[in-house]
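Only one structure is covered here, and it is reproduced in the block below.
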Amino acid sequence: MHFSTAFLLTLLPPTILGHGLILLPPSRPVGPALVANCGPKVAQDIRLDNTSHIESRPELAAKDPAYKAAKCNLWLCTGLQFADNPANNTQMWTAGQVVPIKVWIRIPHEGSANVSIVDTKSNEILGDMLKVWEKGYAPGTKESDTPLDQKEFSVTVPAGLEEKCATAGDCVLQWWWYGVAVKQTYESCVDFKIVKKEVKRDTLQRAFKA
Ligand SMILES: *[C@@H]1O[C@H](CO)[C@@H](O)[C@H](O)[C@H]1NC(C)=O
Ligand SMILES: *[C@@H]1O[C@H](CO)[C@@H](O)[C@H](O)[C@H]1NC(C)=O
Ligand SMILES: *[C@@H]1O[C@H](CO)[C@@H](O)[C@H](O)[C@H]1NC(C)=O
């Protein structure tokens, strides 16, 4: 029997279709804390394709006795853990700073997307969304179909989070994309802390005096 490639492709589940990840600043990677909290099955699913959607993972987690729902927090950063992010990946931002972001839309799926700062303890979005695409995000079928301003954009660090986000890991910047037709969610997170402007100025003055 002989089948064309196009026919064989139609047999593949849609789970291989849409994919994305934040490339810059560096986003949370896979590591031992993910395995410990989300279990080896979820960890392996992310390792196989770290740009893939979350929806397949609750099922894997449910079958895994090592899965710890509260610690894994699967729907925030798709379960990727702060402890797995090397310390030098923690961004130090000040209020008002404009932060360039670069995302990798490996395979597009048209839908909505946004970027926000999330309180990692309560899972609440802090303040306003930093960026919102209500529709028309990641159209087309191949990587090059995505408009440049959906892949490379910037967000402004809001004021008022100096206390709440003073410690790395307490807050996270999350990029969240939903492909409408495939009903798939992609999340990628950057760890940061907010440094008070005065502190920076003091340090600068000290540096100048020295
Ligand atoms: C995602 O996976 C790719 C390919 O395995 C790897 O090169 C990259 O470092 C990974 N990125 C993160 C943030 O895990
Ligand atoms: C960050 O630290 C890791 C070791 O934890 C090191 O391998 C890597 O080169 C460092 N990256 C930068 C940008 O300094
Ligand atoms: C943010 O994006 C996600 C995924 O597209 C969506 O489910 C959520 O409703 C969006 N929230 C806002 C306030 O835009």
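Quick notes on this one:
- Residue that is buried (at least 20 other Cβ atoms within 10 Å of the Cβ) and either on the phi < 0 side of the Ramachandran plot or among the β-branched types (Val, Ile, Thr) (or both), where the choices are Glu152, Glu110, Glu187: Glu187
- The residues of the range 48-97 that are under 26 Å from Gln184 (Cβ atoms), within 16 Å of ligand 2 (Cβ to nearest atom) and not polar (S, T, N, Q), listed by number, are Phe82, Asp84.
- Residues that are among the hydroxyl-bearing types (Ser, Thr, Tyr), closer than 15 Å to Phe192 by Cβ and away from ligand 1 (no atom under 16 Å from the Cβ) are absent from the range 105-112.
- Residues in the range 120-148 that are within 15 Å of ligand 3 (Cβ to nearest atom), farther than 21 Å from His53 by Cα and touching a residue at least 40 places away in the same chain (Cβ under 8 Å): Leu126, Leu130.
- When Lys183 is tested against the conditions (1) modelled with pLDDT under 95; (2) over 18 Å from the mean Cα position of the chain (by Cα), the lone failure is (2).
- Test: residue in the range 94-101 that is within 23 Å of Lys183 (Cα to Cα) and not basic (Lys, Arg): no
- Residue within the range 155-165 that is surrounded by 16 or more Cβ atoms within 10 Å (Cβ to Cβ), touching a Phe, Trp or Tyr at 6+ places or on another chain (Cβ under 7 Å), at pLDDT 95 or above and within 20 Å of His53 (Cβ to Cβ) present: no
- Some residue of the range 141-158 being among the hydroxyl-bearing types (Ser, Thr, Tyr), under 28 Å from Cys38 (Cβ atoms) and in contact with a strand residue (DSSP E or B) (Cβ under 7 Å, 6 or more places away or on another chain): no
The values are calculated or read from the model by the stated rules, or taken from the named source; none is laboratory data. In this text, all values refer to a predicted model and were calculated from it rather than measured experimentally. Cβ sites come from the backbone with ideal geometry, for glycine too, and all protein chains shown count toward neighbours.
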